[in-house]
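See below for the structure under consideration.
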Amino acid sequence: MPGSLRGKVKKVVLAYSGGLDTSIIIPWLKENYGCEIIAFTADLGQGEELEGLEEKALASGASKFILKDLREEFAEDYLFRLLRSGAVYERKYLLGTAIARPLIAKHQVEIAHQEGADAVAHGATGKGNDQVRFELTYMALDPRLKIIAPWREWHIRSRLDALEYARAKGVPVTATEKTIYSRDSNLWHLSHEGGPLEDPWYEPEESIWLRTVSPMNAPDEPEYVEIEFESGTPVAVNGKRMSPAKLIEYLNALGSTHGIGRVDMVENRLVGMKSRGLYETPGGTILYVAHKELESLVLDHATMQFKDLVALKYGELVYQGLWFSPLREALDAFIDNTQGPVTGVVRLKLYKGNVIPVGRKSPFSLYREDFATFGYDDVYDQADAAGFIRLFGLPLKVRALNNLPVAGLDLPKPDYSRFKRD
C-alpha cells in the first residue's frame with residue numbers, strides 16, 4: 001500500500017535529476033518518511049543541467065550528493081548494444097529515455113549497498129513508463145531494497161501542483177507555468193512531453209526544439225561523413241578514432257547542424273494509454289542509418305530477416321524496462337553472433353533533415369559485381385533462371401490447375417482439363 005513504508009525506512013538513495021519532480025521529492029521524503037536522503041545523479045551527457053546540483057540537493061535536505069560520470073559506460077554498454085540490435089520502438093522512437101533508466105537504477109542499487117541504504121526512490125509518475133523501468137531493475141538486482149515512488153503517494157497530481165509545492169518549500173526550479181514541458185536529456189537524445197503537446201493536433205512551435213536546427217534553416221549545401229564500424233560498433237568518424245561517448249557527441253553536433261533526428265509521435269505507453277512525445281536524436285539517427293546500410297552489405301537474406309524480428313522484440317524489452325532479463329541477454333547472444341562481419345565504412349550525405357547513404361564498403365561484403373552485373377559474365381548463366389522460376393512458382397501453378405479463386409479477380413477460368421501435367 002502507498003505510504004506503508006513510512007517509519008520503516010532509515011536511508012534512501014534517490015535518483016536525482018534536479019528537475020521539478022526530483023527537486024521536491026527531497027523535502028517531501030524528509031517530511032513524510034523522516035529518513036536520511038542520498039541524492040544520486042548520473043552524468044549521462046546532460047551537460048549544463050548538472051551545474052549547481054550538489055548545492056541544490058544539499059540545500060533541499062539531502063545528507064549527501066553523489067555524481068557519477070557514466071557517459072562512456074552508457075555509450076559502450078547500452079547505446080551501442082541498442083544500435084547493434086537495430087531496435088526501434090513503434091517505428092520511430094530510438095529509446096533514448098528507456099535505455100538510460102536501467103543504467104541509473106543499477107548504480108542506485110550499487111550506491112545503496114555502499115552507503116548502507118535500505119531503500120531506493122525515483123521521481124517517475126504513476127502514469128508513465130519510467131516507474132516500471134526503475135523498479136524492474138531494482139527487483140532484478142536487489143529485491144530486498146524498499147522502493148518509494150512519491151508520485152503514487154502524494155497529493156500532487158500535476159506539474160502545476162508540483163510548482164506550488166516547490167514554492168512553498170523554497171525549492172528553486174527552472175520550470176514555470178509557461179514552460180511546462182517535461183524534458184529528459186542525455187547523450188543519446190532530448191525528449192519533450194506535456195503542456196500543449198498533449199493535443200496531438202497541435203503543431204510544435206520551433207522554440208520547443210532545443211537540440212536541432214530546423215531543417216528549413218539548415219545549410220543549403222550537403223555535408224558528407226564517413227563512419228567506420230568494427231563488428232557492428234562505430235569506432236571512427238572521417239578516419240578519426242574516438243571513444244564511444246565522444247563519437248556520439250561529435251555526431252550529435254554534426255546532425256544538429258543539419259536538422260537531423262527530429263521525431264513527433266504518438267506512442268503506446270506500457271501502462272496502457274497513449275502519449276505524444278517529441279524526440280531529438282541527431283547522432284543516433286545518423287548511426288542507425290549507417291549501421292543498417294552496412295548490414296545490408298554483409299548479412300545474408302535469412303539472417304537479416306530474422307534479425308529484424310529480433311529487433312522488434314528487443315525494442316519492446318527495452319521500452320518495458322526488461323533490460324536485466326534472461327530474454328534480453330539471450331537476444332544479445334544472437335545479435336553479437338551476427339555482428340562479426342559488420343565491419344567497414346559507410347559514407348553518408350547529410351542534408352536538411354535527411355541522412356542519405358551514398359557509399360558502403362567492407363572486407364566481408366557479400367556483394368559481387370561480377371554476379372550482379374547486367375552485362376556478360378561467366379559466373380551466372382541466365383538460362384538457369386528458367387528452371388528456378390518454374391520451381392518457385394509451382395504452388396501458383398497448382399492453384400490455377402485446381403481452379404482455386406484468386407483474390408480480387410473475377411475472370412472466367414480457362415479449361416485446364418487437357419493441360420499437360422509435368
Relative frequency of Cα-Cα separations exceeding 19 Å in segment 53-123, percent: 49 percent
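With a/c under 1.5 counting as rounded, go ahead and sort segment 321-405 into rounded, prolate or oblate using the C-alpha gyration tensor (a ≥ b ≥ c being the square roots of the eigenvalues; past the cut-off, prolate if a/b is larger than b/c, else oblate). Could the numbers behind the result be given before it?
Numbers: a/c = 2.16, a/b = 1.36, b/c = 1.59.
Cα axes put segment 321-405 in the oblate bin.
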Calculated SAXS-style log₁₀ I(q)/I(0) at q = 0.11, 0.17, 0.18, 0.19 Å⁻¹ - segment 264-422, Debye, Cα scatterers: -0.82, -1.13, -1.18, -1.24
Principal semi-axes in Å for segment 179-322 [√(5λ), Cα gyration tensor, largest first]: 28, 23, 13
Rounded Å value of the spacing that divides the Cα centres of segment 24-47 and segment 382-405: 68 Å
Computed over segment 225-290, Cα set: Rg, Dmax in Å: 14.7, 46
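Taking every DSSP beta bridge with both residues inside the chain, roughly what % is antiparallel (nearest 5)? Write down the numbers at each step before the final one.
Values: 35 of 52 bridges.
Once the DSSP bridges in the chain are tallied, antiparallel ones form about 65 percent.
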All lysines inside 30 Å of K307 as judged from Cα atoms, apart from same-chain residues fewer than 8 positions distant: K92, K106, K240, K246, K274, K292, K349, K361
Cα-based Rg of segment 240-337 normalised by 2.2 N^0.38 Å, two decimals: 1.26
Simple spin-label estimate for V406 and N268 in nanometres, 7 Å along Cα-Cβ: 3.6 nm
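Pop the C-beta distance of D118 and D220 into the FRET formula with R0 = 41 Å and round what comes out to the nearest 0.05.
Values: r = 60 Å, r/R0 = 1.45.
The value I calculate is 0.10.
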Under the Debye formula (equal points on every Cα, no solvent term), log10 I(q)/I(0) of segment 57-188 at q = 0.09 Å⁻¹: -0.33
At R0 = 30 Å, FRET efficiency that the Cβ-Cβ distance of R157 and W201 yields, to 0.05: 0.75
Qualifying GluC sites (Glu not before Pro) for segment 15-52 [loop in DSSP, other Cβ within 10 Å: at most 15]: E51
Sites matching GluC sites (Glu not before Pro) across segment 111-185 that sit in DSSP coil, with at most 15 neighbouring C-beta atoms within 10 Å: E177
Folded to 0 to 90 degrees: helix 282-298 orientation relative to the chain principal axis, Cα: 30 degrees
Global form of segment 197-249, assessed from the alpha-carbon gyration tensor, a/c cut-off 1.5: prolate
Approximate shape of segment 18-59 as ellipsoid semi-axes (Cα gyration tensor, √5λ), whole Å, largest first: 21, 9, 9
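State the dimensionless ratio Rg/Rh of segment 1-42 (Rg: radius of gyration of Cα atoms; Rh: Kirkwood radius). Mind dumping the intermediate values first?
Details: Rg = 10.4 Å, Rh = 10.7 Å.
Dividing the radius of gyration by the Kirkwood radius yields 0.97.
Averaging the inverse of every distinct alpha carbon separation and then flipping it gives the Kirkwood radius. What is it for segment 1-126, in angstrom units?
Values: mean 1/r = 0.0641 Å⁻¹.
With all distinct Cα pairs of segment 1-126 included, I get 15.6 Å.
Taking a ≥ b ≥ c as the square roots of the Cα gyration tensor eigenvalues, with a/c under 1.5 meaning rounded and otherwise prolate when a/b beats b/c, else oblate, which class fits segment 283-361?
Numbers: a/c = 2.61, a/b = 1.52, b/c = 1.72.
Oblate is the answer for segment 283-361, as a/c is 1.5 or above yet b/c matches or exceeds a/b.
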Cleavage-rule hits, trypsin sites (Lys or Arg not before Pro), segment 91-139, DSSP coil, Cβ neighbours within 10 Å at most 15: R91, K92, K127
Largest-first principal axis extents, alpha carbons of segment 113-249, Å: 53, 41, 29
Accessible area of E206 in the full protein assembly, 1.4 Å probe (Å², nearest 10): 90 Å²
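The values are calculated or read from the model by the stated rules, or taken from the named source; none is laboratory data. Since this is a predicted model, take the numbers as computed values, not measurements. Backbone-built Cβ (ideal geometry, glycine too); neighbour counts: all protein chains shown. Heads up: the accessible areas ignore ligands, DNA and RNA and are worked out on the full protein's heavy atoms, side chains in. Shrake-Rupley method; radii C 1.70, N 1.55, O 1.52, S 1.80 Å.
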